[in-house]
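Everything below concerns the one structure shown next.
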Amino acid sequence: MPLYEHVFIARQDLSNAQAEGLIEHFGTVLADNGGKLVDHEYWGVKTMAYKINKNRKGHYSYLRTDSSPAAVQEMERLMRLHDDVMRVMTIKVEEHKELPSVQMQKRDEREERRPRRP
């Protein structure tokens with residue numbers, strides 16, 4: 001089955017437990033449709049570049065899935081209908097990286113950027 005990565009932003013007035021509960025809820029939606037939640041990360045509350053629905057901050061969550069396109073479509077549909085979810089982004093990837101995502105890595109552990117051109 002294809003591999004996907006999802007990032008979604010939940011409303012800022014949710015508690016951390018409620019935001020992490022959304023991850024479990026959408027994981028069960030995938031499982032009910034024949035997919036599998038491989039890994040997930042809760043990135044915490046972050047400030048956004050612009051307001052979304054009058055919110056300046058949001059709970060960011062990251063999911064790695066192995067599921068059929070139909071299961072992903074159903075999960076995205078339910079995310080868009082859910083009142084607590086403000087934005088969703090899904091991408092299809094060739095493989096999942098084993099390291100924690102860049103958001104969870106400390107600055108010391110990240111790869112060095114190439115120097116800028118003069």
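The values are calculated or read from the model by the stated rules, or taken from the named source; none is laboratory data. Here the structure is a predicted model, which means the values were calculated and not measured. Because the Cβ atoms are built from the backbone with ideal geometry, glycine has one as well, and the counts that use them run over all protein chains shown.
When 114, 107, 56 are checked against the criterion of being over 17 Å from the mean Cα position of the chain (by Cα), in a loop (DSSP other than H, G, I, E, B) and at pLDDT 75 or above, a single residue qualifies: 114. Pairs needed: first member in the range 6-22, among the aromatic types (Phe, Trp, Tyr); second member anywhere, assigned to a helix (DSSP H, G or I) and modelled with pLDDT under 90; C-beta distance under 9 Å; at least 6 residues apart or different chains. Short answer, once both residue conditions are applied: none.
For the range 5-28, taking the residues that are of a type in the set (Gly, Ala, Ser) and not in a helix (DSSP H, G or I), the one that is nearest to residue 94 (Cα to Cα) is identified as 10.
Sub-7 Å Cβ pairs linking a first residue in the range 89-111 that is more than 11 Å from residue 62 (Cα to Cα) and among the charged types (D, E, K, R) to a second residue that is at pLDDT below 75 and in a loop (DSSP other than H, G, I, E, B), at least 6 apart or interchain, are 110/102, ordered by first then second residue.
Of all the listed residues (61, 67), the sole one being in contact with a Gly (Cβ under 9 Å, 6 or more places away or on another chain) and surrounded by 18 or more Cβ atoms within 10 Å (Cβ to Cβ) is 67. For the range 1-35, what are the residues that are touching an Asp or Glu at 6+ places or on another chain (Cβ under 6 Å) and at pLDDT below 90? Residue satisfying the conditions is 1 alone.
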